[in-house]
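The values are calculated or read from the model by the stated rules, or taken from the named source; none is laboratory data. Quick caveat: nothing in here was measured; it's all calculated off a predicted structure. With ideal geometry, Cβ positions are generated from the backbone for all residues, glycine too; neighbour counts draw on all protein chains shown. Note: areas computed on protein heavy atoms with side chains; ligands, DNA, RNA excluded. Shrake-Rupley method; radii C 1.70, N 1.55, O 1.52, S 1.80 Å.
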Amino acid sequence: MELAYYSDYAVRLVNSEEPARGKDTLTSVEAVRDLFGGNASAARRATEADVTRFRSVRARLRSVFEAADQGDETLAVALLNSLLLEFPVSPQISGHDYRDEDGRPLWHMHLADHPSNATAGYAAIAAMGLAFHLTEYGVDRLGLCEATPCRNAYLDTSTNRSRRYCSDRCATRANVAAYRARKRLEADRSESTGLAADSTQRATASGERRPTGRGR
C-alpha cells in the first residue's frame, strides 16, 4: 500500500464535519468505524469513548488544513509535527495481499500502528499520511474548498496546482454562482446606464422648452 494512501484518512476525518453548515456525522461509534474503510480489524477496536477523542483529533487536523489554506506553512508544519509526536507509527516492509506473476510478495512500505485505542491508531496513520503528502507535494497542496459554505478539506494532486474545490459538484456550483453574479452585475449596470440616459434626455427636453426671455 502506498504511503500517500494514508493521507485520505485525514481528509475523511476532517470532512466528517461541515462547520459552516452545522453538520457533524461523527456522532456514534458506528460513524467512527466507518472512517476506517476496509481496515476492519482496526475499526473493531473503536468504542463509544473514541467518538469524543476522534472529534478532538479532527479539530487539530482541520487546523493544519486551515493554516495551509492561509499560506502559513510554518504553522501547518508545527501543528502536524505535534500530532506526529503524540501519535507515532512504525514503518514496516509488508508483502501481504500483493503477489507478482511468480507468486512472490510485492514488497511495499506499510505503517504499523501500536495504539492504546482506536483514536490513537487512526490519528497516527492520518498524521503520517498527511506528512508524506505535505513533504512530497508541498504545503500549498493542502486546501479547503472555496465553494461557500462547504470548506471541506482536499488534497491537490493536479499537475498545475489548480485545484480549488473539494469535488466536481462544488466546482460546478461555484461556477454557476459566479456566472449568475456576473449577470446580475451586468443587469444592474445596464439599468443604471439606462436610468442615467433617461434622466439626461428629460433634462435636455426640459431645457429646450424653457423660454429664454429674448426677443421681447
> Considering the stretch 134-149 alone, what residues qualify as being open to solvent by 10 Å² or more (accessible area, probe 1.4 Å) and in contact with a helix residue (DSSP H, G or I) (Cβ under 8 Å, 6 or more places away or on another chain)?
Replying inline: Leu134, Glu136, Val139, Asp140, Arg141, Glu146, Thr148, Pro149
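Is the stretch 25-47 home to any residue that is among the polar types (S, T, N, Q) and within 21 Å of Leu142 (Cα to Cα)?
no
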>> Among the residues of the stretch 158-168, are any closer than 16 Å to Asn15 by Cα, buried (at least 20 other Cβ atoms within 10 Å of the Cβ), under 18 Å from the mean Cα position of the chain (by Cα) and not β-branched (Val, Ile, Thr)?
In response: yes
> How many residues does the stretch 33-46 contain that are surrounded by 14 or more Cβ atoms within 10 Å (Cβ to Cβ), modelled with pLDDT of 90 or more and over 29 Å from Thr148 (Cβ atoms)?
Replying inline: 5
> Can you name the condition, by its number, that Ala49 falls short on among (1) small (Gly, Ala, Ser); (2) open to solvent by less than 60 Å² (accessible area, probe 1.4 Å); (3) under 22 Å from the mean Cα position of the chain (by Cα)?
Replying inline: (3)
> Can you pull out the residues in the stretch 82-116 that are open to solvent by less than 80 Å² (accessible area, probe 1.4 Å), out of contact with any strand residue (DSSP E or B) (no Cβ under 8 Å at 6 or more places or on another chain) and free of Cβ contacts under 8 Å to residues at least 40 places away in the same chain?
Replying inline: Ser82, Asp100, Gly103
> So which residues in the stretch 45-70 are within 21 Å of Cys166 (Cβ to Cβ) and without any contact (Cβ under 8 Å) to a residue 12 or more places away in the chain?
Replying inline: Ala59, Gln70
>> Would you confirm whether or not the stretch 118-133 contains a residue that is of a type outside the set (Lys, Arg), under 22 Å from Asp24 (Cβ atoms) and open to solvent by 40 Å² or more (accessible area, probe 1.4 Å)?
In response: no
> When you go through Thr159, Thr119, Thr148 one by one, which is the residue that is free of Cβ contacts under 8 Å to residues at least 60 places away in the same chain and either of a type outside the set (A, V, I, L, M) or on the phi > 0 side of the Ramachandran plot (or both)?
Replying inline: Thr159
>> Can you find a residue that is of a type in the set (Asp, Glu) and at pLDDT 70 or above anywhere in the stretch 110-119?
In response: no
